[in-house]
Amino acid sequence: MSEVKLAASVRSEFGKGAARAIRRDAKVPAVVYGHGSEPVHVTLPAHELGLALRTPNVLLSLDIEGKNELAIPKAVQRDAIKGFLIHVDLLLVKRGEKVTVEIPVQAEGELAAGGNLLEHVLSTLSVEAEATHLPEAVTVSVEGLEAGASVLAKDITLPKGATLVTDADAVVLQVLAAQAEEPAAEGEAAEGAEA
């Protein structure tokens, strides 16, 4: 996993008005915390941060006024309508340190014939991995699975260096038989037409 370098500026003004002014300047207010240190309130460039956050569990190399820190996104707040970044919480990490993150589960392959449906019971898995080698996603083959089949968390092959935190017996994917809707009886159809 590559690091994304961002320049961060320490901020001293807080509150809604200050946050709006920061966003008007194409920046995003953020808080960097962890390792028992005091939280540091910073601003980050909105466009570069938005591009970086497209990668799940991205590792950010922050230049906070001359001091370099590694961090991962812990909480990202977006505008509900327009989708722009409102605020980001970043967790400080160190090289070699293990952290727990959520990674997306992606299914590949074709189910067995018969109109079966694949249900994602869990869309992410909690895994523990080294902070500088966080997996972006895990891919599960569903090739040829029939109705009633399920994939448990323990059945998924994790990337090297990652260990499962999610309950091993948790159902991640399951295959459901397609349900055909029964035609309405003639008496019910006539009643519906009169109403």
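The values are calculated or read from the model by the stated rules, or taken from the named source; none is laboratory data. Just so it is clear, the structure is predicted and the values come from calculations on it, not from any experiment. Note: ideal-geometry Cβ built from the backbone for every residue, glycine included; neighbour counts use all protein chains shown. Protein only, heavy atoms only, side chains kept; ligands, DNA and RNA dropped before computing areas. Shrake-Rupley method; radii C 1.70, N 1.55, O 1.52, S 1.80 Å.
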* **Mean Cα-pair separation over length for the chain, i.e. relative contact order, pairs under 8 Å, 6 or more apart, %** => 17
* Tell me, what ³J(HN,Hα) does each residue in region 86-97 have, in order and in whole Hz, if you take phi through Karplus 6.51 cos²θ - 1.76 cosθ + 1.60 with θ = phi - 60° and put x for Gly and Pro? -> 9, 7, 9, 9, 10, 9, 5, 9, 10, 4, x, 6
* For Val28, distant residues with modelled amide H under 5 Å away -> Leu44, Ala46
* Asked: Using a 1.4 angstrom probe and counting only protein chains, how large is the accessible area of Asp63 in Å², to 10?
  -> 60
* Any chance you could check the Cα centroid distance between region 102-153 and region 11-28 for me, in angstrom? => 40
* Largest to smallest accessible area among Thr139, Thr157, Thr43 [probe 1.4 Å] -> Thr157, Thr139, Thr43
* Rounded accessible area per residue of the chain, 1.4 Å, Å² -> 60
* Structure fact -> Under a 1.4 Å probe, counting only protein heavy atoms, Lys27 has an accessible area in Å², nearest 10, of 80
* Asked: For the charge dipole of the chain, defined by +1 on Lys and Arg C-beta atoms and -1 on Asp and Glu C-beta atoms about the Cα centroid, which residue among Gly161, His35, Ser12 has the Cα displaced farthest towards the positive pole?
  -> Ser12
* Using a 1.4 angstrom probe with every protein chain in place, what is the largest-first accessible-area order of Phe84, Phe14? -> Phe14, Phe84
* Asked: Along the charge dipole of the chain, Cβ charges K/R +1 and D/E -1, which of Gly114, Val93, Leu125 sits furthest on the positive end?
  -> Val93
* To do: Assuming R0 = 41 Å, can you tell me the calculated FRET efficiency for the pair Val31 and Leu117, based on Cβ-Cβ distance, to the nearest 0.05?
  => 0.50
* **Computed magnitude of the charge dipole of region 66-151 (debye, nearest 20; Cβ of K, R +1, Cβ of D, E -1)** => 580
* To do: With a bin width of 10 angstrom, please list the P(r) values of the chain as percents of all Cα-Cα pairs, from the 0 bin to the one holding the largest distance.
  => 8, 27, 23, 19, 12, 7, 4, 1
